[in-house]
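Working notes, beginning with the structure itself.
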Amino acid sequence: LIMATVETLAAALAGLAIGGGIGVLVGIILGLWPLLNRMMVVSIELVRPVPSVAIIPLFMLIFGLGFRLEIAVVAFSVLWTVLVLTRSAVANIEPRLIEVAKVLGLNQAQTIWKVVLPSALPRIFVALRLAATVSLIVAVTVEVAVNPLGLGYGMQLAQQALRPEIMFAYLVWLILVGWTFNFVLLQLEGIVLRRLNFSGGS
């Protein structure tokens, strides 16, 4: 059980880091440049609704089975949640804050670091918490569907062996893992926002 948990969490965290990182970066860029956002909105809205399960066959051809497949599917799934919410958070920053940054002579990088990120960070953390839930769900789904790793594969083996009590144990354990995952992210959010003089509930 512990080894399966480590495998599932490793894939979920790696996919969250890759997809979430790209989503935050692209979301900031699109939020700051409305023209680029308008150019990309159709492409994003066409690709974003694609179910993660539907891309598993394609990614199997590219990555084969194993961690690379699972990480790639998780990263694809969480990317859109983080991107859309980050873009919205950045686009809705009070325009006067940007104007003040220009008056103070801050360049683009300084404006992003000192104005944009602190203002958008509470909502970005909300996006990351939602994406963390998605990452765990997708990781287990991939394991149940095709990948012989982790908690999802353990549940599949229990089902094939007609052992409902083991399946139920895995299910309860997944609930505990998901709750702990979210709790850790909440604590991390509180620490980061307090250091930036934000209220954790803002």
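The values are calculated or read from the model by the stated rules, or taken from the named source; none is laboratory data. Note that this is a predicted model, so its numbers are computed, not measured. Every residue, glycine as well, gets a Cβ built from its backbone with ideal geometry; the counts of neighbours run over all protein chains shown. Note: accessible area is taken over every heavy atom of the protein model, side chains too, but ligands, DNA and RNA are not part of it. Shrake-Rupley method; radii C 1.70, N 1.55, O 1.52, S 1.80 Å.
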#### Entry: Qualifying residues in the stretch 22-48 (those that are open to solvent by 40 Å² or more (accessible area, probe 1.4 Å) and of a type in the set (Val, Ile, Thr)) - the one farthest from the chain's Cα centre (by Cα)
Val42
#### Entry: Those residues of the stretch 112-132 which are in contact (Cβ under 8 Å) with a residue 60 or more places away in the chain and either of a type in the set (Phe, Trp, Tyr) or farther than 21 Å from Glu189 by Cβ (or both), in sequence order
Phe125
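For every residue, the table says whether it meets (1) open to solvent by 20 Å² or more (accessible area, probe 1.4 Å); (2) under 26 Å from Leu185 (Cβ atoms); (3) under 14 Å from the mean Cα position of the chain (by Cα).
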residue: Glu7; (1), (2), (3): yes, yes, no
residue: Gly20; (1), (2), (3): no, yes, yes
residue: Ala54; (1), (2), (3): yes, no, no
residue: Gly64; (1), (2), (3): yes, no, no
residue: Val90; (1), (2), (3): no, yes, no
residue: Leu97; (1), (2), (3): yes, no, no
residue: Gln110; (1), (2), (3): yes, no, no
#### Entry: Residues of the stretch 153-185 classified as over 19 Å from Glu70 (Cβ atoms) and open to solvent by less than 70 Å² (accessible area, probe 1.4 Å), total
9
### Task
Those residues that are farther than 22 Å from Leu117 by Cβ and at pLDDT below 90, I need them from the stretch 10-43; list them, please.
Arg38, Met39, Val41, Val42, Ser43
### Task
Can you tell me which residue among Val103, Val73 is at pLDDT below 90 and of a type outside the set (Ser, Thr, Tyr)?
Val103
### Message
For Val78, only one of the following conditions fails: (1) modelled with pLDDT of 85 or more; (2) within 22 Å of Leu30 (Cβ to Cβ); (3) open to solvent by 40 Å² or more (accessible area, probe 1.4 Å). What is its number?
### Response
(3)
